[in-house]
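A quick write-up on the structure given underneath.
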Amino acid sequence: QVQLVESGGGLVQAGGSLRLSCVASGRSFSMYHMGWFRQAPGKERVFVAAISWRGSSTYYADSVKGRFTISRDNAKNAAYLQMNSLKPEDTAVYYCAADATLVVLSRPDYHYWGQGTQVTVSS
């Protein structure tokens with residue numbers, strides 16, 4: 001069993017930055033692939049970024065490439081999403097997710113999900 005808790009969301013002006021954190025409790029965090037997804041009001045949850053269990057591979061949605069960076073620190077049981085050059089369209093609830101066996105990390109088929117953290121970007 002893995003429990004995920006996100007933090008770091010908030011209100012920021014366009015062009016600003018935020019760093020989201022996802023801390024996991026439970027066993028064997030280093031064995032889990034980690035993903036970040038977001039859901040805007042009235043829209044489906046969509047893929048943002050993912051990182052493999054070793055951290056050797058990262059994946060990004062086209063909409064955030066070059067602006068967002070995903071990372072992890074297995075010693076701290078944590079994954080991060082550094083978000084730079086934020087735009088109003090980045091406004092959403094951001095969720096982290098974990099899965100040990102997922103093959104395509106951009107799919108929303110992760111076994112464990114956090115409760116989400118709100119990110120609001122004002123224009």
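Which whole-Hz couplings ³J(HN,Hα) result when phi for each residue of the stretch 36-52 is put into the Karplus expression 6.51 cos²θ - 1.76 cosθ + 1.60, θ = phi - 60°, listed in order with x for Gly and Pro?
Karplus-based 3J(HN,Hα) across the stretch 36-52 equals 10, 10, 9, 9, 8, x, x, 10, 6, 6, 10, 5, 10, 7, 8, 9, 6 Hz.
Hey, what do the phi angles of the stretch 81-91 turn into as Karplus ³J(HN,Hα) couplings, whole Hz, using 6.51/-1.76/1.60 and θ = phi - 60°, x for Gly and Pro?
Values per residue, Gly and Pro as x: 9, 7, 10, 10, 6, 5, 10, x, 6, 7, 4 Hz.
What distance in nm separates the simple spin-label points at ALA61 and SER17, each placed 7 Å from Cα in the Cβ direction?
Computed distance between label sites ALA61 and SER17 equals 2.2 nm.
Would you kindly compute the Cα radius of gyration of the chain and its largest Cα-Cα separation (Dmax), both in Å?
Spelled out, the Cα radius of gyration and Dmax of the chain are 13.3, 41 Å.
Under the Kirkwood approximation applied to all pairs of distinct alpha-carbon atoms, what is the hydrodynamic radius of the stretch 1-53 in Å? Numbers along the way, then the final one.
Numbers: mean 1/r = 0.0763 Å⁻¹.
Here the Kirkwood hydrodynamic radius works out to 13.1 Å.
For ARG107 and ALA75, calculate 0.36 nm times their separation in residues minus their Cα-Cα distance, and state this gained length in nm to one decimal. Present the calculation step by step, with values, prior to reporting the outcome.
Details: separation 32, 0.36 × 32 = 11.52 nm, distance 2.60 nm.
Taking 0.36 nm per residue and subtracting the Cα distance, the gain is 8.9 nm.
Of the options ALA40, THR69, SER30, report the single residue whose Cα projects farthest towards the positive end of the charge dipole of the stretch 1-99 (beta-carbon charges: Lys, Arg +1; Asp, Glu -1).
SER30
Obtain the nm distance between the two label points defined at ASN84 and SER52 by a simple spin-label model: each point lies 7 Å from its Cα along the Cα-to-C-beta direction.
2.5 nm
Arrange the peptides 9-16, 40-47 so that the one whose residues have, on average, the most other Cβ atoms within 10 Å appears first. Present the calculation step by step, with values, prior to reporting the outcome.
Details: 9-16: 13.6, 40-47: 11.8.
Those peptides, ordered most packed to least, come out 9-16, 40-47.
Under 25 °C and 0.890 mPa s, how fast does the stretch 31-80 diffuse according to Stokes-Einstein, given a Kirkwood radius computed over C-alpha pairs? Answer in µm²/s, whole number.
Values: Rh = 11.6 Å.
It comes out at roughly 212 µm²/s.
What dipole magnitude, in Debye to the nearest 20, does the chain give about its Cα centre under +1 on Lys/Arg Cβ and -1 on Asp/Glu Cβ? Write down the numbers at each step before the final one.
On the way: 12 positive and 8 negative charges, 36 e Å.
So the dipole magnitude of the chain works out to roughly 180 debye.
In Å², and per residue, what accessible area does the chain have when probed at 1.4 Å with the other protein chains present?
Details: 6500 Å² over 123 residues.
Computed with neighbouring chains in place, this is 53 Å² per residue.
The values are calculated or read from the model by the stated rules, or taken from the named source; none is laboratory data. The shown structure was predicted, so the numbers you read here are calculated from the model rather than taken from an experiment. For neighbour counting, all protein chains shown are included, and Cβ atoms are generated from backbone atoms with ideal geometry for every residue, glycine included. Heads up: the accessible areas ignore ligands, DNA and RNA and are worked out on the full protein's heavy atoms, side chains in. Shrake-Rupley method; radii C 1.70, N 1.55, O 1.52, S 1.80 Å.
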